[in-house]
Amino acid sequence: MMKFMLKNKVGMIFGVANKRSIAWACAEACLNQGAKLAFTYQGERLKENVEKLTKDLPETLVVPCDVTNQQEVDAAFAAVGEKYGRLDFVVHSIAFAPREALEGEFLTTTREAFLTAMEISTFSLTQVSLAAMPLMKDGGSIVTMSYYGAEKVVMNYNVMGVAKAALEASTRYLAADLGRHNIRVNAISAGPINTLSARGVKNMGTLLNYVGEKSPLKRNVEAREVGNTALFLVSDLSTAITGETIYVDCGYNIMGI
Ligand code: NDP
């Protein structure tokens with residue numbers, strides 16, 4: 001394989017909460033290939049985590065970016081523009097729904113929970129893509145994280161499944177709009193991984209066991225494997241792929257009975 005596939009490339013990573021975050025696995029894969037990375041965090045609570053993880057990395061930027069605050073989003077992209085003068089890729093790995101919406105019936109989802117889930121988990125991809133565009137002067141690649149609950153009913157996933165369905169559709173519409181700027185947009189549909197967010201979904205353990213047994217590879221996916229696919233999608237190995245949802249799920253999605 002080519003060594004240092006991302007040499008001289010600048011990426012922005014959204015969604016590192018801790019070292020178990022899928023976003024961190026994506027960052028590690030990209031760092032190994034020579035990328036320079038800017039990290040965003042949501043709220044002071046996570047600042048320390050992200051700063052600790054990134055303290056020994058060269059040419060790194062750590063900026064706050066709660067996607068519900070447009071000023072913070074604008075400031076984060078302005079900081080990237082100022083430090084690097086360009087942007088080559090974005091890893092969008094954020095999602096949120098109130099805990100009470102991630103159990104029981106979808107039917108009782110409140111308006112507030114629905115709108116919050118859609119704003120943070122879905123609209124933010126469009127928001128971030130628009131802000132990234134002017135900095136992606138030589139084209140670029142944007143990758144987001146989805147899940148199988150977008151297309152089939154998964155117990156307790158509820159409003160987040162609806163948000164992910166809209167996220168996958170957003171990926172296609174954004175890919176169509178941004179293609180003429182040579183900016184690609186793709187989603188990874190990752191199998192379940194035990195992260196902070198995943199623990200918000202009721203009975204996540206049961207889901208992990210089930211997928212581990214039923215998937216063709218008879219195991220669960222590791223964050224590292226999702227990170228490697230993100231690396232492929234932001235690298236020049238995937239220059240003709242856009243608007244796709246790529247499964248990194250040990251094959252779980254292909255199974256019928
Ligand atoms: P993490 O909890 O590690 O990461 C989720 C990130 O989203 C956190 O950094 C979180 O910050 C951030 N976030 C939440 N609200 C906001 C906001 N308003 N503005 C900015 N950031 C925000 O979990 P994962 O790594 O599992 O999740 C990453 C992505 O992968 C999500 O889109 C998730 O849906 C998706 N995914 C996860 C799977 C899994 O099984 N783990 C499977 C398939 C997809 P904070 O902690 O402060 O809320």
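The values are calculated or read from the model by the stated rules, or taken from the named source; none is laboratory data. This is a predicted model, so every value here is computed, not measured. Note that we place each Cβ from the backbone using ideal geometry, even for glycine, and neighbour counts take in every protein chain shown. Just so you know, the surface numbers come from the protein's heavy atoms only, side chains and all, with ligands and any DNA or RNA stripped out. Shrake-Rupley method; radii C 1.70, N 1.55, O 1.52, S 1.80 Å.
Points worth noting:
- Highest mean packing first, where packing is the average number of other Cβ atoms within 10 Å per residue, the peptides 63-70, 183-190 line up as 183-190, 63-70.
- Dividing the radius of gyration of the alpha carbons in segment 157-238 by their Kirkwood radius gives 1.03 for Rg/Rh.
- Annotation: per residue accessible area for the chain equals 49 Å², rounded to a whole number [probe 1.4 Å, protein chains only].
- Isotropically averaged projected area of segment 117-212, using the convex hull of Cα atoms (one quarter of hull area), nm²: 6.4 nm²
- Packing around the peptides 98-111, 231-244, taken as the average count of other Cβ atoms within 10 Å per residue, puts them in this order, highest first: 231-244, 98-111.
- On the basis of the beta-carbon distance and an R0 of 30 Å, Arg224 and Glu151 show a calculated FRET efficiency of 0.75.
- Length released on extending from Arg199 to Asp56, taking residue separation times 0.36 nm less the Cα-Cα span: 48.6 nm
- Taking the 1.4 Å solvent-accessible surface of the chain as the whole, the part contributed by carbon and sulfur is 53%.
- P(r) weight above 32 Å for segment 10-250, C-alpha pairs, percent: 15 percent
- Modelled spin labels at Lys83 and Arg180, positioned 7 Å past Cα toward Cβ, are 3.3 nm from each other.
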